[in-house]
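Peer 1: For reference, the structure I am asking about is given below.
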Amino acid sequence: MHLGLFIAFAVICVAGAISLVAQRHPINSALSLIVVMGSLAVLYLLLGAEFVAAIQLIVYAGAIMVLFVFVIMLLNAGAEERTRGSRVAMALGVPGLIVVAGVLMYTLAGHTAAGQDQLAIGATYGPPVAIGRSLFREFLLPFEVTSILILIAIMGAVLLARYHAAPAPETRAIDPDEAGDLLQLAGTHGSAAGARERRRAEHRMREREVTR
Amino acid sequence: MTVPLSYYLVLSAILFSLGVLAFVVKRNIITVFMSIELMLNAVNLSFVSFAAHWHRLSGQIFVFFVMVVAAAEAAVGLAIIIAVFRTRETLNIDRVNLLKL
């Protein structure tokens with residue numbers, strides 16, 4: 001049961017990651033990354049880390065990926081174009097991937113003996129209460145530093161993405177009686193009864209234009 | 001039937017390598033950014049599996065911190081991407097070859 005769930009969601013996870021590489025359009029890559037994050041949350045649940053699984057879904061798949069999708073739609077990103085550099089990168093990247101994966105798997109899996117004790121299914125070892133206690137006692141200083149980091153990131157994001165508008169064209173001040181005529185024009189627009197009133201207001205405005 | 005720790009670590013290694021591959025191969029700056037998130041997720045998986053294996057809570061705490069840093073990094077990075085797009089009118093990373101805006 002446990003192994004079956006692991007294999008199913010690991011396959012979904014790897015398929016999502018491969019899809020992220022294979023897709024040409026960034027929105028498809030973003031959606032496959034959401035698939036990866038969702039199945040990782042299930043794997044966290046299998047490992048008994050329910051708090052991390054919930055945070056994974058809320059923060060990663062929810063907040064961060066929504067930010068990504070939002071930026072993709074804001075910038076109207078199309079399918080990526082192929083350049084000569086990307087072909088070189090593909091020729092170097094695929095063998096490099098195999099080497100990196102091989103070295104990582106050898107170092108990570110080769111030195112863990114198979115006979116070590118394994119976690120039983122549903123064994124919860126990290127309830128949110130324990131995590132909160134640990135976070136606010138042992139890891140209090142990193143927690144506070146993290147809050148400063150978040151503050152700096154918010155201010156930096158606002159500063160970087162702020163639109164530096166060109167100076168607005170010079171506007172001339174409208175004198176009060178002209179404003180009244182303008183309002184009258186706007187208010188009587190479209191109604192048959194106000195047509196005469198409108199004509200009078202237009203005439204007054206034209207006269208003022210001539211005298212100026 | 002339990003799952004050995006090494007299975008989780010191998011999965012984490014595969015995900016990390018796919019993230020490295022996407023980082024090298026992809027040309028769209030947003031997709032490159034997403035591949036960084038994929039690598040962070042792979043590292044998080046190995047943190048959680050080690051934490052489950054040794055019955056220690058600190059692994060999960062570190063996952064928490066990694067997520068916070070990833071969120072901050074995503075906010076700042078996407079702001080930089082928007083600023084770059086505004087001046088360059090492109091998202092192709094090959095065409096963004098100057099630090100100057």
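The values are calculated or read from the model by the stated rules, or taken from the named source; none is laboratory data. Everything quoted here is computed from the prediction, not taken from an experiment. For neighbour counting, all protein chains shown are included, and Cβ atoms are generated from backbone atoms with ideal geometry for every residue, glycine included. Only protein heavy atoms, including side chains, enter the accessible area calculation; ligands, DNA and RNA are left aside. Shrake-Rupley method; radii C 1.70, N 1.55, O 1.52, S 1.80 Å.
Residue by residue, here is whether (1) at the interface with chain A (Cβ under 7 Å from one of its Cβ atoms); (2) in contact (Cβ under 8 Å) with a residue 24 or more places away in the chain holds:
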residue: B:13; (1), (2): yes, yes
residue: B:33; (1), (2): no, yes
residue: B:36; (1), (2): no, yes
residue: B:44; (1), (2): no, no
residue: B:63; (1), (2): yes, no
residue: B:68; (1), (2): yes, no
residue: B:71; (1), (2): yes, no
residue: B:78; (1), (2): yes, yes
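Peer 1: Now, a different point. Within the range B:8-21, is even one residue crowded, with 23+ Cβ neighbours inside 10 Å, assigned to a helix (DSSP H, G or I) and β-branched (Val, Ile, Thr)?
Peer 2: Within the range B:8-21 (the criterion being crowded, with 23+ Cβ neighbours inside 10 Å, assigned to a helix (DSSP H, G or I) and β-branched (Val, Ile, Thr)), the answer is no, since none of the residues qualifies.
Peer 1: Oh, and also: Residue by residue through the range A:1-23, note down the ones that are in contact with a helix residue (DSSP H, G or I) (Cβ under 9 Å, 6 or more places away or on another chain) and not in a helix (DSSP H, G or I).
Peer 2: A:23
Peer 1: If you don't mind, there's one more thing I want to ask. For the range B:80-99, what are the residues that are surrounded by fewer than 20 Cβ atoms within 10 Å (Cβ to Cβ) and facing chain A (nearest Cβ under 7 Å)?
Peer 2: Across the range B:80-99, the qualifying residues are B:80, B:82, B:83, B:85, B:92, B:94.
Peer 1: State whether one or more residues within the range B:36-55 are among the charged types (D, E, K, R) and open to solvent by 20 Å² or more (accessible area, probe 1.4 Å).
Peer 2: Of the residues in the range B:36-55, the ones among the charged types (D, E, K, R) are B:37.
If we keep only those that are open to solvent by 20 Å² or more (accessible area, probe 1.4 Å) too, we end up with none.
Within the range B:36-55, not a single residue is among the charged types (D, E, K, R) and open to solvent by 20 Å² or more (accessible area, probe 1.4 Å).
Peer 1: If you don't mind, another one. Take residue A:58 and tell me if it is more than 7 Å from chain B (Cβ to nearest Cβ), over 24 Å from residue B:57 (Cβ atoms) and out of contact with any Pro (no Cβ under 6 Å at 6 or more places or on another chain). Steps first, please.
Peer 2: Details: more than 7 Å from chain B (Cβ to nearest Cβ): yes; over 24 Å from residue B:57 (Cβ atoms): no; out of contact with any Pro (no Cβ under 6 Å at 6 or more places or on another chain): yes.
It is false that residue A:58 is more than 7 Å from chain B (Cβ to nearest Cβ), over 24 Å from residue B:57 (Cβ atoms) and out of contact with any Pro (no Cβ under 6 Å at 6 or more places or on another chain).
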